Amino acid sequence: MQFSKDSIYANPLGQVAAFNFDEAVVDVFPDMIQRSVPGYSAMISAIGLLAGRFGQDNSYCYDLGCSLGAASLAMRQQIKAENCQIVAVDNSEAMVSRFRSGLQAIPNAQIDVQCADIRDIEIVNASVVVLNFTLQFIPIEDREQLLAKIWQGLLPGGLLILSEKLAFDDDKQHELQMDMHHLFKKAQGYSDMEISQKRTALENVLIAESFATHRQRLSKVGFSSVEVWFQYFNFASMIALK
């Protein structure tokens, strides 16, 4: 499947529209995510390994906010448990359509791809749930309810993988981490204008929170153990255990 290089914000835009996972973003998404999220490939690979470790027989593994299915495919490759089914959900019709098309070239992928709002779906009999840079796009007032639903739907010993862009309570750390992310993107070939315009597009769309906030919320809904297992500047992934 062919994808283009991300040049969505390469030219001056009179008015920068709010970021949306539309057809234009889908066309460049693999390039965009690799050049925008430090350590993305390593995280995807490890999500597969974690799913292989925690996937249980006769259970479901959910990829919530699956986009083009990178985490789902990594899980499918590593899960050895019998009758462990993957359910991938995204509310972007463009993403879901492209993901389904790509699956046609993969024999026996056996991934159930659904176009739906993850706040509306039922989580049942789950051994693994993945929120890979998804929660940050959910309104803050809905996040606790979503995580509580996930905890309820997880089997004993179940795993939630939560990857997020982080904010920092310490102003010096916050500024440093933001600056380093800016430098990372410049090193990937993005111009200052591209970085600035995308930041404007994501304002009020992607709402980042601190690890302390995430940990407190996860503990509140019932998770017994929460730790960061990966961090690269202001992007991190957490493990929450039931």
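Each residue in segment 188-242 was checked for being of a type in the set (D, E, K, R), in contact with a strand residue (DSSP E or B) (Cβ under 9 Å, 6 or more places away or on another chain), within 23 Å of residue 170 (Cβ to Cβ) and outside any strand (DSSP E or B), and 2 of them qualify. Inspect all residues belonging to segment 1-19 and state whether any of them is touching a residue at least 60 places away in the same chain (Cβ under 8 Å), surrounded by fewer than 21 Cβ atoms within 10 Å (Cβ to Cβ) and in contact with a Gly (Cβ under 7 Å, 6 or more places away or on another chain). Within segment 1-19, one or more residues are touching a residue at least 60 places away in the same chain (Cβ under 8 Å), surrounded by fewer than 21 Cβ atoms within 10 Å (Cβ to Cβ) and in contact with a Gly (Cβ under 7 Å, 6 or more places away or on another chain). Does residue 63 satisfy being under 23 Å from residue 121 (Cα atoms) and of a type in the set (D, E, K, R)? Yes: the conditions hold for residue 63. Suppose the filter is farther than 22 Å from residue 236 by Cβ and touching a residue at least 60 places away in the same chain (Cβ under 8 Å); does residue 155 pass it? Taking the combined requirement at face value, the residue satisfies it. The set of residues from segment 1-55 being in a loop (DSSP other than H, G, I, E, B), touching a strand residue (DSSP E or B) at 6+ places or on another chain (Cβ under 6 Å) and either under 25 Å from residue 158 (Cβ atoms) or of a type in the set (D, E, K, R) (or both) comprises 39, 55. For residue 153, the stated conditions hold: it is in contact with a strand residue (DSSP E or B) (Cβ under 7 Å, 6 or more places away or on another chain) and either among the aromatic types (Phe, Trp, Tyr) or surrounded by fewer than 24 Cβ atoms within 10 Å (Cβ to Cβ) (or both).
So in segment 179-194, with the set limited to residues that are surrounded by fewer than 16 Cβ atoms within 10 Å (Cβ to Cβ) and not small (Gly, Ala, Ser), which one is farthest from residue 38 (Cα to Cα)?
If we take residues in segment 179-194 being surrounded by fewer than 16 Cβ atoms within 10 Å (Cβ to Cβ) and not small (Gly, Ala, Ser), then 193 is farthest from residue 38 (Cα to Cα).
When the residues of segment 112-150 are narrowed to those that are assigned to a strand (DSSP E or B) and in contact (Cβ under 8 Å) with a residue 40 or more places away in the chain, which ends up surrounded by the most Cβ atoms within 10 Å (Cβ to Cβ)? The extreme case among them is 128.
Name the one entry in 116, 105, 42, 81 that is of a type in the set (Gly, Ala, Ser) and closer than 21 Å to residue 237 by Cβ.
Checking each option against the conditions leaves just 42.
Residue-by-condition table, conditions (1) out of contact with any Pro (no Cβ under 6 Å at 6 or more places or on another chain); (2) over 23 Å from residue 18 (Cα atoms); (3) without any contact (Cβ under 8 Å) to a residue 12 or more places away in the chain:
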residue	(1), (2), (3)
173	yes, yes, yes
181	yes, no, no
191	yes, no, no
197	yes, no, no
201	yes, no, no
208	yes, no, no
212	yes, yes, no
222	yes, yes, no
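Got a number for residues in segment 26-46 being within 11 Å of the chain's Cα centre (by Cα) and farther than 17 Å from residue 187 by Cα? Residues in segment 26-46 being within 11 Å of the chain's Cα centre (by Cα) and farther than 17 Å from residue 187 by Cα: 2 in total.
The set of residues in segment 32-87 that are surrounded by fewer than 23 Cβ atoms within 10 Å (Cβ to Cβ), among the hydroxyl-bearing types (Ser, Thr, Tyr) and over 23 Å from residue 7 (Cα atoms) comprises 45, 59, 60. Restricting attention to segment 78-85, does a residue exist that is touching a residue at least 40 places away in the same chain (Cβ under 8 Å) and assigned to a loop (DSSP other than H, G, I, E, B)? Yes; the residues of segment 78-85 include at least one that is touching a residue at least 40 places away in the same chain (Cβ under 8 Å) and assigned to a loop (DSSP other than H, G, I, E, B).
When segment 100-111 is filtered for residues that are touching a helix residue (DSSP H, G or I) at 6+ places or on another chain (Cβ under 8 Å) and without any contact (Cβ under 8 Å) to a residue 40 or more places away in the chain, the ones remaining, listed by number, are 106, 109, 110.
Every read-out reported here was derived from the displayed coordinates using simple, explicitly stated rules and does not represent laboratory data. Being a predicted model, the structure only gives us computed values, none of them experimental. Glycine gets a Cβ as well: all are built from the backbone with ideal geometry, and neighbour counts include every protein chain shown.
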